[in-house]
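Enquirer: Quick one: the structure is below, questions incoming.
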Amino acid sequence: MEEVLPHRVAQLLRDARRVVIFTGAGISAESGVPTFRDDLTGLWARFDAQQLATAEAFHADPDLVWGWYEWRRARVRRAEPNSGHLAITTIESRIPDSTVITQNVDDLHERAGTPATIHLHGSLFAPRCTAAAAHPATFPDQPDGEAAEPHEGRRISPPRCASCRELVRPGVVWFGEALPEAALTAAAEAATACDVLLTVGTSGVVYPAAEIPRIAASSGATVIQVNPQPTPLDRIAAINLRGSAAQVLPTLVAAAWR
Ligand code: BV8
């Protein structure tokens, strides 16, 4: 790492005019938020995330799926942004034309200081009515707060929509569902226009999000991957930095702007 990082990558970042930072679950791993690869635990141990993150699973057992998302929301609320999230805000301060695009449904980028994060797969904090996305929905107050949340999770009945009494659902994009058009368009435009794209902590297998680094590469940008493991993005990345987000990103920023 040392021999590659200080010179070429730091120079690339210093000279960049437009940067995209594309993140996945790996950037939140060191904040204690499990990745999608990690086996599910507790009540959900017998499922895989891709099964549960579907409209079918929600309609088949709304209490199980709503309970899963409330368990994940409680975990994220207990988590703090890590030095990887924070290093990204430094890049943004140094390169004004920076765009942060995430597949994550947590709010750690925002809490680190990146309010304009583009969420391709929605958010744990934007519940909505299953019948009409336009109907506002809120989380019911938890009488005895999060502390009551059993570690292994529990079934929780989703609230009902105040306008039409239909079920409220998590404001995330489930497998088989379309991504929010505005977010996808903004992400594709930023990827087309950037000169450097940093892809951090993603396995790059979920589409159409995984197209974003490929759009950047085919538009002439230099793609730099930060991931402790090899991924299908190795092939399109000009530079693969094998390490964790919370280690590599601060080192990269320090090397670029001493
Ligand atoms: C759709 C929200 C159609 C919910 C999520 C083309 C080819 C093949 C399949 C498809 C295709 N096009 C569409 C599909 C189907 C499907 C898909 O891609 N399937 C895959 C699995 C093959 N796509 C869809 O269903 C999409 N919708 O196509 O709709 C349509 C179109 C128009 C109109 C109607 C319908 C919707 C996909 C979005 C699903 N929702 N999340 C929720 O969170 O509950 S996806 C979810 O999984 C995440 O958001 C994320 O995108 C993905 C997980 O990936 P990663 O974030 O990369 O995380 P992962 O755990 O996999 O990997 C972590 C990585 O981090 C690893 O590489 C690891 O090494 C690394 N790491 C670990 N620790 C660290 C680290 N890195 C750095 N530092 C560390 N410390």
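Just so it is clear, none of the values below were taken in a lab; they were calculated from the coordinates. Predicted, not measured: the structure shown is a model, and the values here were computed from it. When we count neighbours, we look across all protein chains shown, and the Cβ atoms used for this are built from the backbone with ideal geometry, even at glycine.
Enquirer: Would you mind getting the Kirkwood hydrodynamic radius of the stretch 1-124 from its Cα pairs, rounded to one decimal in Å?
Expert: Taking the inverse mean of 1/r over all distinct Cα pairs, the stretch 1-124 comes out at 16.2 Å.
Enquirer: With a sphere of radius 12 Å drawn around the Cβ of VAL168, what net charge do the other residues whose Cβ falls strictly inside it have (Lys, Arg +1; Asp, Glu -1)?
Expert: Residues near VAL168 contribute +2 overall.
Enquirer: Given 25 °C and 0.890 mPa s, how large is the Stokes-Einstein diffusion coefficient of the stretch 38-100 in µm²/s, with Rh as the Kirkwood radius over Cα pairs? Present the calculation step by step, with values, prior to reporting the outcome.
Expert: On the way: Rh = 14.3 Å.
Stokes-Einstein gives a translational diffusion coefficient of 172 µm²/s.
Enquirer: Relative to the longest principal axis of the C-alpha atoms of the chain, give the angle of the C-alpha long axis of helix 181-193, reported between 0 and 90° and rounded to the nearest 10°.
Expert: Once rounded, the angle reads 10 degrees.
Enquirer: Continuing with this model, one more query. Please report the antiparallel percentage of DSSP beta bridges with both residues in the chain, rounded to the nearest 5.
Expert: Around 20 percent of the beta bridges assigned by DSSP in the chain are antiparallel ones.
Enquirer: Would you mind checking which residues have amide H under 5 Å from VAL223's amide H? H placed 1.01 Å from N; only 5 or more apart, or other chain.
Expert: Sorted by chain and number, the residues that satisfy this are LEU197, ALA238, ILE239.
Enquirer: Restricting the calculation to Cα positions, tell me the Rg (one decimal) and the Dmax (whole number) of the chain in Å.
Expert: In order Rg, Dmax, the Cα atoms of the chain give 18.9, 61 Å.
Enquirer: While we're looking at this one, here's another question. Calculate the spin-label point distance for ALA134 paired with TYR207, positioning each point 7 Å from the Cα along the beta-carbon direction, and give it in nanometres.
Expert: 3.4 nm
Enquirer: I want to check the label-to-label distance for ARG111 and ASP38. Put each point 7 Å from Cα in the C-beta direction and report it in nm to one decimal.
Expert: If labels sit at ARG111 and ASP38, their model points lie 1.4 nm apart.
Enquirer: Given the Cα-Cα distance of GLN229 and ASP97 and 0.36 nm per residue of separation, how much length would full extension add, in nm?
Expert: Extra length from GLN229 to ASP97 when fully extended: 44.6 nm.
Enquirer: Considering the Cα trace of the stretch 129-251, what is its radius of gyration and what is Dmax, both in angstroms?
Expert: Computed over the Cα atoms of the stretch 129-251, radius of gyration and Dmax are 19.7, 53 Å.
Enquirer: Report the gain in length on full extension from ARG77 to ALA254: 0.36 nm times residue separation, minus Cα-Cα distance, nm rounded to one decimal.
Expert: Details: separation 177, 0.36 × 177 = 63.72 nm, distance 2.90 nm.
Extra length available between ARG77 and ALA254 comes to 60.8 nm.
Enquirer: Determine the sum of side-chain charges near THR130: Lys and Arg each +1, Asp and Glu each -1, restricted to other residues whose C-beta is under 15 angstrom from that of THR130.
Expert: Once positives and negatives cancel, what remains is -1.
Enquirer: Counting Lys and Arg as +1 and Asp and Glu as -1, each charge on the Cβ, what is the dipole of the chain about the Cα centre in debye, to the nearest 20?
Expert: 300 debye
Enquirer: Mind listing the long-range amide H neighbours of VAL100? Cut-off is under 5 Å, sequence gap 5 or more, other chains count too, H placed in the peptide plane at 1.01 Å from N.
Expert: Result for VAL100 returns ILE21, ILE118.
Enquirer: For the stretch 202-242, what is the convex hull (Cα atoms) projected area averaged across all directions, in square nanometres?
Expert: Orientation-averaged projected area of the Cα hull: 2.5 nm².
Enquirer: Where both residues lie in the stretch 98-241, what percent of DSSP beta bridges are antiparallel, nearest 5? Kindly include the intermediate steps, with their values, before the conclusion.
Expert: On the way: 5 of 15 bridges.
That works out to approximately 35 percent antiparallel.
Enquirer: Percent relative contact order of the stretch 198-258, based on C-alpha pairs within less than 8 angstrom and at least six residues apart?
Expert: 31 percent
Enquirer: Kindly identify the stretch 180-227 as rounded, prolate or oblate by the Cα gyration tensor criterion: order the square roots of the eigenvalues as a ≥ b ≥ c, call it rounded if a/c is under 1.5, otherwise compare a/b with b/c, prolate if a/b is larger, else oblate.
Expert: oblate
Enquirer: Please tell me the relative contact order of the chain in percent, rounded to the nearest whole number, where contacts are Cα pairs under 8 Å and at least six residues apart.
Expert: Details: 470 pairs, mean separation 68.8, N = 258.
Normalised by residue count, the contact order of the chain is 27 percent.
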